[in-house]
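Each remark here refers to the structure printed beneath this line.
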Amino acid sequence: MLHRIRQLAACLLAFFLGSAGLRAQAILEPPFGLRWGDTPEKLIDWASRHSLDVNISLPGDQPALRVVKISPRTGNLPETAAQSVEGRFHTGRLYEVTVNYRDPATTADEMEARFTKLKKALAGEYGELTANRQDRNIKDQFATRSLSFHREPVKGLFLLLAYTEVEDQLRHTREATFSLIYRNDNLRQDLEKLLAPAAPAGGGGGGK
């Protein structure tokens, strides 16, 4: 009887820990109505409803990975200022979403202002973002400036905001882009464990 009570208590504990994990992951849900663990079909169906282009990549060196990129022929994605969105799927399950902002018709100064505005909005929703790095390199008369910030509201759930500006010093032109990445590293690791080969039963020692 005592053994059965202990088993029941262990099951209840696992249930509550699992529920807490799901609530924590809901703190950083991906955009466009997506959910962690969704299949590619959900993103493709959304693109189809809005008559958007779909590009699917299947990296040969990563057979478990699928990358689905959605973009309009012209203009922005529906109800957003972004120009494309990419979903990364491990064994058919969504674990990362990247929203890309690029507008050749807009000046670099305006793009940087949009980047700063988005950063402030994200800080208001998730808390202050931490600076990752800031770099500036010059090569062949092209000056590249990049900076990025991140937030980890729950362990294993990341929000990364990255900005890149390229200046053509010969033609005196500048172009800027930025991306917002949602990543669920907890789910990715769990999916990788499912693919890992099982350890042989009974250990490795053999007798004569």
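The values are calculated or read from the model by the stated rules, or taken from the named source; none is laboratory data. Quantities reported herein were computed from a predicted structural model and do not represent experimental measurements. Note: ideal-geometry Cβ built from the backbone for every residue, glycine included; neighbour counts use all protein chains shown.
Name the residue that is surrounded by the most Cβ atoms within 10 Å (Cβ to Cβ), counting only residues in the stretch 51-93 that are among the β-branched types (Val, Ile, Thr) and touching a strand residue (DSSP E or B) at 6+ places or on another chain (Cβ under 8 Å). The residue in question is Val85. It is to be established whether one or more residues within the stretch 184-197 are part of a strand (DSSP E or B), surrounded by 13 or more Cβ atoms within 10 Å (Cβ to Cβ) and either small (Gly, Ala, Ser) or modelled with pLDDT of 90 or more (or both). Within the stretch 184-197 (the criterion being part of a strand (DSSP E or B), surrounded by 13 or more Cβ atoms within 10 Å (Cβ to Cβ) and either small (Gly, Ala, Ser) or modelled with pLDDT of 90 or more (or both)), the answer is yes, since at least one residue qualifies.
Just one of the numbered conditions (1) closer than 22 Å to Arg183 by Cβ; (2) touching a residue at least 12 places away in the same chain (Cβ under 8 Å); (3) not β-branched (Val, Ile, Thr) is not true of Asp103: (1).
Between Arg66, Arg133, Arg73, the distinction of being of a type outside the set (Val, Ile, Thr), modelled with pLDDT under 95 and assigned to a strand (DSSP E or B) belongs to Arg133 only. Picking from residues in the stretch 76-101 that are among the charged types (D, E, K, R) and at pLDDT 95 or above, the one that is nearest to Phe32 (Cα to Cα) is Glu86.
Listed by first and then second residue, the pairs linking a residue in the stretch 80-96 that is without any contact (Cβ under 8 Å) to a residue 40 or more places away in the chain to a residue that is surrounded by 19 or more Cβ atoms within 10 Å (Cβ to Cβ) and outside any strand (DSSP E or B), with Cβ atoms under 8 Å apart and 6 or more places separating them unless they lie on different chains, are Gln83/Leu77; Ser84/Leu77.
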